[in-house]
Ligand SMILES: Cc1cc2nc3c(=O)[nH]c(=O)nc-3n(C[C@H](O)[C@H](O)[C@H](O)COP(=O)(O)O)c2cc1C
């Protein structure tokens, strides 16, 4: 990789933490972040993260082994905290001596951070509020990802720019903090680094890399879309809390509203409990995302994408995207 002195200076702590040349993570994307994209990102000097999603421990085991076969560079594993076999998945990461585990999708359950640290891995967590971030960092988390509502996939309600102003002045001096959501160009990376971030995480920009196995129709949908096409899902029933998901507007968006109404009716009739209702909603997303990413059904599936999708205009190798981001960041800093 070329030298980018100003960028490297500000990324140094993030690079040391990740063991990489650049402190740019490719955030885990279910179905997309598998061996090929993860290895490509890491081989190019970034930090790839396997999306475990709903995988079984056996599938995760195979995915880690296959990724290792493609790269000798560090990469991480993203685990969803509500996975019913979370501790078995952590055991798989331990067997493979995975260096970094990202806990996503909710507050890490009791004992999970400890179980990961026990085998020597570093733990990255998400936190929706400053108070929770402080608590997680006090209780053993090694680094924090703050992710704003511009991002693709499941999102919180607050914009990245606001989270950055709120979290970085309080935490960045002492802790490693990565900023995610809505980053499409290196100039934005420069801004967050100058505010104290140790690095950044991007998803949308990398989803259509040449090495990504996403279906050509999924990639074409990205190339066609503008920022305003990536909409957050709406909650149909006030009693059924649904974590919003940002995806390209299509028939699948309407199917989701319909599914919510069906699940709400089941809840009303007493046929299912709230936990089951929420699980059914999450299962809807997992299935719909697979349909779009793997089968290429971009009409009925879920084309999860962030608002930076307008800046994704063509297929490029991961190394080229990373080099472009670093170049732009360096230009902004000098
Ligand atoms: C298609 C897609 C799938 C995603 N799946 C996951 C996931 O399984 N777990 C997770 O923690 N984040 C997931 N994300 C979020 C990304 O890891 C990343 O944080 C986000 O894309 C960053 O914001 P950006 O899209 O604006 O670059 C997903 C994002 C996209 C676009």
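List 79, 10, 132, 267 from most exposed to least, where exposure is judged by having the fewest other Cβ atoms within 10 Å.
Lowest to highest Cβ neighbour count: 132, 267, 10, 79.
Please report the base-10 log of the normalised intensity I(q)/I(0) for region 295-334, using a Debye sum with one equal scatterer per alpha carbon and no solvent, at each q in 0.16 (1/Å).
-0.60
Just want the ordering: 41, 50, 272, from fewest to most Cβ atoms lying within 10 Å of their own Cβ.
Lowest count first: 272, 50, 41.
Find, to one decimal place in angstroms, the Kirkwood hydrodynamic radius of the chain, where the mean of 1/r is taken over every pair of different Cα atoms and then inverted.
19.9
Helix 57-70 sits at what angle to the longest principal axis of the chain, using alpha carbons and giving 0 to 90 degrees rounded to 10?
30
Going by alpha carbons, how many degrees (0 to 90, nearest 10) lie between the helix axis of 274-293 and the longest principal axis of the chain?
Here the helix axis deviates by roughly 60 degrees.
Could you give the length gained by full extension between residue 8 and residue 129, i.e. 0.36 nm per residue of separation minus their alpha carbon distance, to one decimal place?
Here the answer is 40.7 nm.
Report, in degrees rounded to the nearest 10, the 0 to 90 angle that the Cα long axis of helix 86-95 makes with the longest principal axis of the chain.
30
Residues of region 3-36 with the amide nitrogen closer than 15 Å to a label point 7 Å from the Cα of residue 311, along Cα-to-Cβ, please.
24-27
Most exposed first by the Cβ proxy, i.e. fewest other Cβ within 10 Å, how do 88, 142 rank?
Least to most surrounded, the residues fall as 88, 142.
Just to be sure I understand the curve: with the Debye formula and one point per C-alpha of region 216-307, what is log10 I(q)/I(0) at q = 0.15, 0.17, 0.18 Å⁻¹?
Normalising to I(0) and taking log10 leaves -0.56, -0.69, -0.76.
Can you tell me what share of the DSSP beta bridges in the chain is antiparallel? A percent to the nearest 5 is fine.
Among the beta bridges of the chain, antiparallel pairing accounts for roughly 15 percent.
Expected output is a single nm value to one decimal: the length gained when fully extending between residue 213 and residue 262, i.e. 0.36 nm times separation in residues minus the C-alpha distance. What is it?
14.4 nm
Quick one, can you get me the convex hull of the C-alpha atoms of region 112-186 expressed as volume per residue in Å³?
110
For the residue pair residue 255 and residue 331, what label-to-label distance in nm results when each label sits 7 Å from Cα along the Cα-to-beta-carbon direction?
4.1
Any chance you could list the semi-axes, whole Å, largest first, of the equivalent ellipsoid that the Cα gyration tensor gives for region 34-186, using √(5λ)?
25, 18, 14
Here, each number is a calculation from the coordinates, and none is a lab measurement. This is a predicted model, so every value here is computed, not measured. Here the Cβ is made from the backbone with ideal geometry for all residues, glycine too, and neighbour counts use every protein chain on show.
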